[in-house]
Structure formats: structure tokens, C-alpha cells
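Before any comments, here is the structure.
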């Protein structure tokens with residue numbers, strides 16, 4: 001079997017763009033991956049995919065980890081988020097091909113599954129409803145009554161956990177810290193009132209503040225008994241300082257893409273929960289990161305802010321490693337999200353059931369994708 005073509009396929013996601021990777025072979029088996037780039041360097045990502053295609057054409061797709069190493073070596077002098085995303089999308093598509101050729105789900109290649117279903121949380125709860133509700137054809141959030149209604153809606157759909165962000169404040173990184181804190185207290189307090197004390201709530205503030213700001217937010221959030229506070233830091237010592245300053249569990253490292261990048265954070269035990277995103281790591285490296293976290297007795301929480309394909313990819317990771325706390329996904333999404341795939345995730349009572357079909361367990365519908373072309377990032 002030989003690789004004959006690698007191409008990126010773009011689809012408008014309303015929020016940004018879903019970037020799918022299609023890898024074709026001379027035996028008619030097609031592999032799919034996703035490395036969606038919502039707000040950043042999509043054109044650079046496309047160029048990286050083209051560079052990597054030139055190196056992989058004619059190669060057997062089945063020695064996946066060898067090909068991952070080849071791609072990594074090719075990109076090492078320009079290694080970064082864009083190159084690693086391109087590698088991640090291709091890597092996952094190669095695993096899809098290998099599993100399809102053998103007639104098994106991807107997780108079977110890794111000795112899985114560890115579990116038949118994985119607890120899931122509703123990600124970015126409320127964010128899209130404050131910014132692009134019309135595009136997504138979902139209810140608007142304009143006030144705390146709407147936030148309360150959202151909490152009730154999430155609970156009514158069987159979920160037992162959610163993750164929310166700073167919203168109703170314009171651009172958080174351009175808003176005074178104390179104003180952000182006051183808004184966030186109202187949002188989380190309202191959600192807590194809606195869902196009750198037994199429901200898990202996480203808060204993600206990304207890299208909006210420096211470590212002093214993170215500490216201020218953590219102190220304000222302690223009253224709400226969060227599942228975790230999620231922050232992104234490039235400094236493991238600073239992150240450890242934050243972790244020691246609060247009783248809220250700290251989740252981090254979602255922006256990192258390799259086990260080598262995670263290692264100093266894990267060595268210092270700088271976080272309580274490890275965020276792993278398959279769109280940025282690929283299955284090869286995501287599993288290495290999960291294993292590295294397990295050696296430190298740490299759980300991972302894979303997250304998917306992309307399409308259903310990425311949910312299937314993330315499910316394969318979760319089924320193949322033992323240390324998954326919970327996985328997250330965006331439920332609010334473009335109204336054509338279901339149309340562009342052959343299968344949708346099986347979610348019941350707050351759990352996603354692992355796919356049983358060969359490969360990733362899903363195919364893309366290119367005719368439907370073509371109906372939603374991407375025209376560039378929206379402001």
C-alpha cells in the first residue's frame with residue numbers, strides 16, 4: 001500500500017474553520033484527520049501540509065510512528081504550532097488507514113479499549129451564544145437569566161459537567177482584571193445556582209492574564225468548588241506557584257503538542273490535570289503524553305473544540321489509555337455539523353460511547369462540506 005495524495009479540506013465552522021486532512025492510498029483506503037485552526041494561522045497550516053505531502057507520497061502509510069518521526073525530523077528547524085498541527089492531522093489519518101486495513105477500530109491497535117464509554121462535559125458553555133449565536137442558530141446569551149437557562153438546558157440533556165469562559169465582557173484581555181473577575185463570579189454563581197452542587201463546573205481562562213491575574217481569579221473562584229481552573233502558561237515554575245496558591249485543581253498545557261514540551265511541566269507536577277488536544281498532537285504524540293502523565297499519577301482531560309470527526313479522534317485516544325478523567329467537546333456548533341459526517345457521536349446521559357466501526361469510526365461527506373466553504377477568519 002502506498003500514499004498517493006494528501007490534501008487539506010476546509011469547512012466553515014461559523015466560529016472559524018474546520019481543517020480536515022484526507023490521505024489517499026493506491027488500494028482505495030482513505031484516512032481522515034482533523035487539525036482545526038479556529039482563529040490563527042490557517043494558510044500557514046495549509047502550506048505545511050503541502051510540504052509534508054511531498055515527503056510522504058509513495059510511502060507505505062502503515063508504519064505510522066516511523067512516518068511521524070520522519071515528519072518531525074523534516075519540520076524540526078521550523079518546529080512550532082503550525083507545523084505540529086499539520087503533522088497531527090496527517091498522523092491521525094495514517095492511524096485511520098492502518099486500522100481500516102486491518103478491519104478494527106484504532107484503539108485496538110493500542111490494546112484497547114480500556115472502557116466502553118467516557119464521561120463527557122459540555123465545553124465553551126455560553127461563549128458562542130454571546131458572540132455568534134445568529135451564525136450558529138442557537139439561543140443568545142445577553143444576561144444572567146440566559147446563563148441560568150443555559151445551565152438548566154445542559155443539565156436537561158444529561159450532562160453532569162460543563163466548562164465555561166469569561167463572557168459578556170467584550171474582549172477579556174482588553175477588560176480590567178477586576179471587571180472580568182466580577183463578571184465571572186456572576187456567571188459561575190448563576191450556573192451553580194442552575195445546576196446544583198453535585199454538578200461539575202470548570203472555568204477556562206486560557207492565557208488571558210499573567211500569573212498574578214490567574215491567582216486573583218483563582219481566589220475569587222474558590223467559593224464555587226470548581227472541577228478545575230484551566231490556564232495556559234509557558235512557565236512551569238509560574239504554573240506550580242499558582243497551583244500551590246489555591247485549593248482549586250489546576251488544568252493546563254492544552255496549547256502544547258509534544259511529550260517533550262509537556263515533560264518539564266509534568267516533572268514539576270505543575271498542574272493537577274493535564275489537558276491534551278488531539279488536533280494539535282495527533283494520536284501518536286497524544287498517547288505518549290498520556291503515558292508520561294500516568295507515570296506521574298496524573299489524569300488527562302482531552303478536549304475537542306472542533307467537528308464530530310475530532311470527537312471520534314478524541315474518543316479513540318480515551319479508549320486506548322487508562323488515565324482519562326473526562327473528555328470535553330463543544331456541543332454548540334454550526335448547524336451543518338451533523339451533515340458533514342456519516343456518523344455522529346453516541347452521547348447518552350453525559351457519556352460518549354466509544355465507536356465500534358473500523359478506523360476512527362466515521363467518514364466525511366465531501367459534498368456537504370463543499371456547501372460550506374471557508375472565506376477567511378472573521379475578526
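FYI, it's all coordinate maths here, none of it is from the lab. Since the model is a prediction, treat every value here as computed from it, not as a measurement. Because the Cβ atoms are built from the backbone with ideal geometry, glycine has one as well, and the counts that use them run over all protein chains shown.
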- line: Relative contact order of the stretch 108-353 (C-alpha contacts under 8 Å, at least 6 apart) in percent is 24 percent
- request: For the chain, find the longest principal axis of its Cα atoms and tell me its angle to the long axis of helix 42-56, 0 to 90°, nearest 10.
  value: 30 degrees
message: I need the Kirkwood Rh of the stretch 190-247: take the reciprocal of the average 1/r across all distinct C-alpha pairs and report it in angstrom.
response: 12.1 Å
message: Tell me the volume per residue, in Å³, of the convex hull enclosing the alpha carbons of the stretch 78-125.
response: 126 Å³
query: In the chain, what % of DSSP beta bridges are antiparallel (nearest 5)?
result: 50 percent
- prompt: In the P(r) worked out for the stretch 3-104, what percent of Cα pairs fall beyond 16 Å?
  reply: 52 percent
- line: Across 5 Å bins beginning at 0, the whole-percent shares of Cα-Cα pair distances in the stretch 233-313 come to 3, 16, 28, 25, 15, 8, 4, 1
query: What Kirkwood radius, in Å to one decimal, follows from the Cα pairs of the stretch 229-366?
result: 15.7 Å
Sorted peptide list for 16-27, 236-247, 41-52, criterion being average Cβ within 10 angstrom, highest first: 16-27, 41-52, 236-247
task: Could you work out the equivalent-ellipsoid semi-axes for the stretch 299-379, taking the square root of 5 times each eigenvalue of the Cα gyration tensor, largest first, in whole Å?
output: 24, 16, 11
- prompt: So what are the three principal axis dimensions of the stretch 108-353 from its Cα atoms, in whole Å, longest to shortest?
  reply: 48, 45, 31
statement: Placing each pseudo-label 7 Å from Cα in the direction of the beta carbon, residue 353 and residue 149 end up separated by a distance in nanometres of 3.2 nm
message: If I model a spin label at residue 366 and residue 137 as a point 7 Å from the Cα along the Cα→Cβ vector, what separation in nanometres do I get?
response: 2.6 nm
In nm, spacing of pseudo-spin labels at residue 109 and residue 291 (7 Å Cα→C-beta vector): 1.4 nm
message: Over the stretch 141-235, what is the relative contact order in percent, taking alpha-carbon pairs closer than 8 angstrom and at least six residues apart?
response: 32 percent
message: For a Förster distance of 22 Å, can you work out the FRET efficiency between the beta-carbons of residue 234 and residue 374, rounded to the nearest 0.05?
response: 0.15
task: Please give the contour-minus-distance gain from residue 222 to residue 57: 0.36 nm per residue of separation, less the Cα-Cα distance, rounded to one decimal in nm.
output: 54.1 nm
- request: Post the alpha-carbon centroid distance, the stretch 167-220 to the stretch 1-71, in whole angstrom.
  value: 37 Å
- prompt: Is it possible to state the helix-based mean residue ellipticity at 222 nm for the chain, with each DSSP H run of 4+ residues giving -39500 (n - 2.57), the sum divided by total residues, to the nearest 500 deg cm²/dmol? What is it?
  reply: -12500 deg cm²/dmol
query: Given the Cα-Cα distance of residue 78 and residue 177 and 0.36 nm per residue of separation, how much length would full extension add, in nm?
result: 32.1 nm
Listed peptides 323-334, 299-310, 358-369 by packing density, highest first (mean Cβ within 10 Å): 299-310, 323-334, 358-369
message: In 10 Å bins starting at zero, report the fraction of Cα pairs in the stretch 110-252 per bin as a rounded %.
response: 11, 40, 33, 14, 2
